[in-house]
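A.B. asks: Shown below is the structure under consideration.
The values are calculated or read from the model by the stated rules, or taken from the named source; none is laboratory data. For clarity, every value in this text was computed on a predicted model and none was experimentally measured. Positions of Cβ are generated from backbone atoms using ideal geometry, with glycine treated the same way; all protein chains shown enter the neighbour counts. Just so you know, the surface numbers come from the protein's heavy atoms only, side chains and all, with ligands and any DNA or RNA stripped out. Shrake-Rupley method; radii C 1.70, N 1.55, O 1.52, S 1.80 Å.
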Amino acid sequence: MTSSNTAIAAIQCFKVRLPFNHGAPAPLFAGKSRTTLDSIWMRVELGNGMVGWGEAYAADLDAVCALVRHRVEPLALGKDATDRQLTSSLERMLHNLGRSGPVLHALSGLDIALWDLRGKLEGVPLYELLGGAKRTRIAAYASLLQYYGNREHLETNVGKAIDAGFTQVKLHERTAEAVAIARAAMPRGMPLMVDTNCAWTTANALAEVRAMATSDPFWIEEPIWPPEDLDGMKQLRKDSQIPVAAGENASNLLELTRMVTEQAVDWVQPSAIKCGGVTALQRVAEACANHPGVRFSPQTAFFGPGFLATLHVLAAAEQDTIIERLFCDLAFTPYRDTIPLVNGTFTLASAAGLGAEPDVEILAASEQA
Ligand SMILES: [Mg+2]
């Protein structure tokens, strides 16, 4: 029987749109000009009044809110938040609506909120529930948005990231020329990652990656379209001898663990707000601990409870690793005061659960659904 005081009593969605400035005209996202960084923040309240927070990926804010309202909430209300199998049982109940996409994104948000609540119920930081902290300081790399090869924007923003204390930089660029511009603006030996967002197919990826070799990329991220072409990535790793990173567009946990066990990539990059929350992220971390040839570096192009949850998983992970931080100025920077970023490193708080509560001003500025 469900204990009434830890039963889920209410779920609320906030459509968070964070205006940002990345020092250049707005980049394109899914064919549209992008001026805000969006996600759903989920507030989950228990019968005892305790509140936990989660975050769901939302390329379409309305679609994810509708799924939460019409499909997830009716199944979740009254269920015991301490049941660690809850997310996977809901995933199974909803499987014929799709094994990826908005269904899994909504469940990811719920899962993160449930782990926040479990930490709060036990009065411990989330990393304690994940096996204890091996570290509480996590180094971040500056993840620059796309500048479409513009020399001035690339040089200026690489310089700004280094001035801000970052010691590793990632680009979202697709040409060897753009990568060479950034490389020339960096100190010798500083890691430079390149994310192409599935720019190529197996037919042309090798030539494009080889052209970037002189800039010594630390990894090439999502070099292949479609992202589930694991054989293509394996072949590219072998032929190019340049490390490959991928995982943010994996459909679900099974595909992510396959990427690890089949050594399809050098770096696996699950997204907590897409692939099943803390539960899934921790499983991928465990797979990496058993296959040390694959390194764990979650994708975190978001700033809310999902970012905090990822920090906790990294704190408890066997492997020492790095976290992504989008490099831009935000109208509001969530958790700036409680989880500070100093010289490119985050330091986790020891408060219970995720360790920080959402900023009131962000919630006030966000539409509730
Ligand atoms: Mg990426």
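A.B. asks: Per residue of segment 206-217, in order, report the coupling 6.51 cos²θ - 1.76 cosθ + 1.60 (Karplus, θ = phi - 60°) as ³J(HN,Hα) in whole Hz, putting x for Gly and Pro.
C.D. replies: Result, rounded to whole Hz: 4, 5, 5, 5, 4, 5, 8, 4, 5, 8, 6, x.
A.B. asks: Please report how far the C-alpha centroid of segment 222-291 lies from that of segment 161-209, rounded to the nearest whole angstrom.
C.D. replies: 19 Å
A.B. asks: Averaging sequence separations of C-alpha pairs under 8 Å and six or more residues apart, then dividing by the length of segment 4-123, give the relative contact order as a whole percent.
C.D. replies: On the way: 203 pairs, mean separation 36.7, N = 120.
It rounds to 31 percent for segment 4-123.
A.B. asks: In terms of the ratio Rg/(2.2 N^0.38 Å) built on C-alpha atoms, what value belongs to segment 224-326? Kindly include the intermediate steps, with their values, before the conclusion.
C.D. replies: Working: Rg = 12.7 Å, N = 103, 2.2 N^0.38 = 12.8 Å.
Dividing the Cα Rg of segment 224-326 by 2.2 N^0.38 Å gives 0.99.
A.B. asks: Right, another one. Rounded, prolate or oblate: which one fits segment 128-359, using the alpha carbon gyration tensor with axes a ≥ b ≥ c (rounded when a/c is under 1.5, else prolate when a/b beats b/c, else oblate)? Mind dumping the intermediate values first?
C.D. replies: Working: a/c = 1.96, a/b = 1.18, b/c = 1.66.
Because a/c hits 1.5 or more and a/b fails to exceed b/c, segment 128-359 counts as oblate.
A.B. asks: Pairs of alpha-carbon atoms within less than 8 angstrom and 6+ residues apart define the contacts here; what relative contact order does the chain have, in percent? Walk me through the numbers on the way to the answer.
C.D. replies: Working: 815 pairs, mean separation 79.1, N = 369.
It comes to 21 percent, rounded to a whole number.
A.B. asks: Another question about this same structure. Quote the accessible area belonging to Glu367 in square angstrom, nearest 10, computed with a 1.4 Å probe and with ligands, DNA and RNA left uncounted.
C.D. replies: Approximately 90 Å² of Glu367 is accessible to the 1.4 Å probe.
A.B. asks: Oh, and also: Counting only protein heavy atoms and a 1.4 Å probe, tell me what percentage of the chain's accessible area is made up of carbon and sulfur.
C.D. replies: Working: 7310 of 14830 Å².
Summing carbon and sulfur atoms, their accessible area is 49 percent of the total for the chain.
A.B. asks: Quickly work out the Arg99-to-Ala207 label distance, labels modelled 7 Å from Cα along the C-beta direction, and quote it in nm with one decimal.
C.D. replies: Taking the two extended label points, one gets 3.5 nm.
A.B. asks: Using alpha carbon centroids, what distance separates segment 293-334 and segment 3-52, in Å?
C.D. replies: 16 Å
A.B. asks: Applying the Karplus parametrisation 6.51 cos²θ - 1.76 cosθ + 1.60 with θ = phi - 60° to the phi angles of segment 238-253, what ³J(HN,Hα) value in whole Hz is obtained for each residue in order, glycine and proline being reported as x?
C.D. replies: For segment 238-253, the Karplus curve yields 5, 6, 8, 6, 10, x, 10, 10, 5, x, 5, 9, 5, 5, 6, 4 Hz.
A.B. asks: Sum -39500 (n - 2.57) across every DSSP H segment of at least 4 residues in the chain, then divide by the residue count to get the 222 nm mean residue ellipticity, nearest 500. Could the numbers behind the result be given before it?
C.D. replies: Numbers: 14 runs with 129 residues, N = 369.
Counting only the DSSP helices, I get -10000 deg cm²/dmol.
A.B. asks: Would you mind checking which residues have amide H under 5 Å from Glu248's amide H? H placed 1.01 Å from N; only 5 or more apart, or other chain.
C.D. replies: Gln269
A.B. asks: For a quick check: with amide H placed at 1.01 Å from N, whose amide H comes under 5 Å from Lys170's, ignoring anything fewer than 5 positions away on the same chain?
C.D. replies: Ala142, Ser143, Leu144, Met193
A.B. asks: Here's something else I'd like to know. Please give the FRET efficiency for Glu318 paired with Asn197, using the beta carbon to beta carbon distance and R0 = 51 Å, rounded to the nearest 0.05.
C.D. replies: Numbers: r = 29 Å, r/R0 = 0.57.
With R0 = 51 Å, the Cβ-Cβ based efficiency is 0.95.
A.B. asks: Moving on to the next point. Among bridges DSSP assigns within the chain, what percent are antiparallel (round to 5)?
C.D. replies: 60 percent
A.B. asks: Go through segment 182-195 residue by residue and turn each phi into a ³J(HN,Hα) via Karplus (6.51, -1.76, 1.60, θ = phi - 60°); whole Hz please, and just put x for glycine and proline.
C.D. replies: 5, 4, 5, 8, 10, x, 4, x, 6, x, 10, 9, 10, 10
A.B. asks: Now for a different question. Probe of 1.4 angstrom, ligands and nucleic acids ignored: what's the accessible area per residue over segment 208-301, in square angstrom?
C.D. replies: Details: 3420 Å² over 94 residues.
Value for segment 208-301: 36 Å² per residue.
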